[in-house]
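Report on one structure; see the data block that follows.
The values are calculated or read from the model by the stated rules, or taken from the named source; none is laboratory data. Just so you know, these numbers come straight off a predicted model, no measurement behind them. Neighbour counts are summed over all protein chains in view; Cβ atoms, including those assigned to glycine, are modelled from backbone coordinates with ideal geometry.
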Amino acid sequence: MNEEEIKSRLIDYLLNRSNDKEIVLCSELPFADRNRRADLVVLQKDKIVAFEIKSQKDSLEKLESQLEDYQKSFDLVYLVLAPKHICSARNIANRKVGIYTATEFGIQKLRKATPQKRLDKALLLSLLTKQQLLTFATLNDLRSATLHSKHEIIAAIKTKLPLKNIRAFVIENLLMKYHPRYRHFISERGMVTHPEDLYLLTKEQAGQVPE
């Protein structure tokens, strides 16, 4: 299976085990200051779960550095692997990273993820737009008028505010941003997800869905 086929099956696996009104899914979420994209993300009121997919044709060459950024940005991190990658990925990923395998027969969990306790404030804040960051700064009595670049705003916020407050604000804003697109996807996908449905969850291709 290719990445799109694996992602489609993963989405169905997750939806079959969740109330679709209690989660929000987003595909190809930019993170790590937009230097990376998470293949699939599950947003909930109290956590962000990210999935990195490695299909039969993918390489694990950059996996170690990818996982470093994943684990600094998201509460729970999972790998979803073609069977040929399982042994190698176990040697690369630390025990906090969960593992699924994806075959023609379906998705199977091999190892449960452990919550990340040391998220990076700056990487969390980089999930937000500049306008969202300015709003957050204003709400917390930071002098937003003197903050010009996104990096300046992030630096000011992370210096003043605890991780708990930053994390809560990020989750709240991501839920608001991606909820309309996700509900549109749910209404259009039918009983199962097909690769051609995935564009509905991807920002750059979902221009008709309200932000």
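Pairing residues of the stretch 100-114 that are touching a residue at least 40 places away in the same chain (Cβ under 8 Å) with residues that are of a type in the set (D, E, K, R) and not in a strand (DSSP E or B), at Cβ distances under 6 Å and at least 6 apart in sequence or on separate chains, gives I107/R9.
Only one of the listed residues (K54, K45) is of a type in the set (K, R), in contact (Cβ under 8 Å) with a residue 60 or more places away in the chain and touching a helix residue (DSSP H, G or I) at 6+ places or on another chain (Cβ under 9 Å). That residue is K45. Hey, does the stretch 170-188 have a residue that's surrounded by 18 or more Cβ atoms within 10 Å (Cβ to Cβ), among the small types (G, A, S) and on the phi < 0 side of the Ramachandran plot? There is no residue in the stretch 170-188 that is surrounded by 18 or more Cβ atoms within 10 Å (Cβ to Cβ), among the small types (G, A, S) and on the phi < 0 side of the Ramachandran plot. The listed residues are D75, D46, and the only one of them that is at pLDDT below 95 and farther than 20 Å from E3 by Cα turns out to be D46.
Among the listed residues L110, L123, L163, L174, which satisfies the condition of being more than 22 Å from P30 (Cα to Cα), of a type in the set (A, V, I, L, M) and at pLDDT 95 or above? Spell out the reasoning first.
Details: L123 fails: more than 22 Å from P30 (Cα to Cα); L163 fails: more than 22 Å from P30 (Cα to Cα); L174 fails: more than 22 Å from P30 (Cα to Cα).
Exactly one of L110, L123, L163, L174 is more than 22 Å from P30 (Cα to Cα), of a type in the set (A, V, I, L, M) and at pLDDT 95 or above, namely L110.
Mind listing just one residue for me: the one in the stretch 8-44 that is touching an Asp or Glu at 6+ places or on another chain (Cβ under 6 Å) and surrounded by 16 or more Cβ atoms within 10 Å (Cβ to Cβ) and, of those, farthest from H151 (Cα to Cα)? Let's see the steps before the verdict.
Within the stretch 8-44, the subset touching an Asp or Glu at 6+ places or on another chain (Cβ under 6 Å) is 32, 36-37, 39.
If we keep only those that are surrounded by 16 or more Cβ atoms within 10 Å (Cβ to Cβ) as well, we get 32, 36, 39.
Working: A32: 12, R36: 17, D39: 25 Å.
Ranking the candidates gives D39 first.
For the stretch 120-150, the tally of residues that are within 30 Å of H194 (Cβ to Cβ) and surrounded by fewer than 15 Cβ atoms within 10 Å (Cβ to Cβ) stands at 0. State whether one or more residues within the stretch 81-89 are assigned to a strand (DSSP E or B) and in contact with a strand residue (DSSP E or B) (Cβ under 8 Å, 6 or more places away or on another chain). Yes; the residues of the stretch 81-89 include at least one that is assigned to a strand (DSSP E or B) and in contact with a strand residue (DSSP E or B) (Cβ under 8 Å, 6 or more places away or on another chain).
Look through K109, K57, K117, K72 and report the one residue that is of a type in the set (K, R), more than 16 Å from the chain's Cα centre (by Cα) and surrounded by 12 or more Cβ atoms within 10 Å (Cβ to Cβ).
Details: K57 fails: surrounded by 12 or more Cβ atoms within 10 Å (Cβ to Cβ); K117 fails: surrounded by 12 or more Cβ atoms within 10 Å (Cβ to Cβ); K72 fails: more than 16 Å from the chain's Cα centre (by Cα).
None of the other options fit; the residue is K109.
Kindly check whether there is at least one residue in the stretch 138-160 that is farther than 23 Å from L29 by Cα, touching a Phe, Trp or Tyr at 6+ places or on another chain (Cβ under 7 Å) and touching a residue at least 24 places away in the same chain (Cβ under 8 Å). Before you say what the answer is, go through the steps one by one.
Restricting attention to the stretch 138-160, the residues satisfying the condition of being farther than 23 Å from L29 by Cα are 138-148, 156, 159-160.
From what is left, the residues that are touching a Phe, Trp or Tyr at 6+ places or on another chain (Cβ under 7 Å) are none.
No; the residues of the stretch 138-160 include none that is farther than 23 Å from L29 by Cα, touching a Phe, Trp or Tyr at 6+ places or on another chain (Cβ under 7 Å) and touching a residue at least 24 places away in the same chain (Cβ under 8 Å).
Is it fair to say R95 is touching a strand residue (DSSP E or B) at 6+ places or on another chain (Cβ under 9 Å) and over 18 Å from S8 (Cβ atoms)? Talk me through it step by step, then tell me what you get.
Numbers: touching a strand residue (DSSP E or B) at 6+ places or on another chain (Cβ under 9 Å): yes; over 18 Å from S8 (Cβ atoms): yes.
Yes: the conditions hold for R95.
The residue that is surrounded by the fewest Cβ atoms within 10 Å (Cβ to Cβ), counting only those in the stretch 60-69 that are closer than 24 Å to M1 by Cα and in contact with a strand residue (DSSP E or B) (Cβ under 9 Å, 6 or more places away or on another chain), is L60. Against the test of being of a type outside the set (A, V, I, L, M), under 18 Å from the mean Cα position of the chain (by Cα), at negative phi and modelled with pLDDT under 95, the options T146, T135, T129 yield a single qualifying residue, T129.
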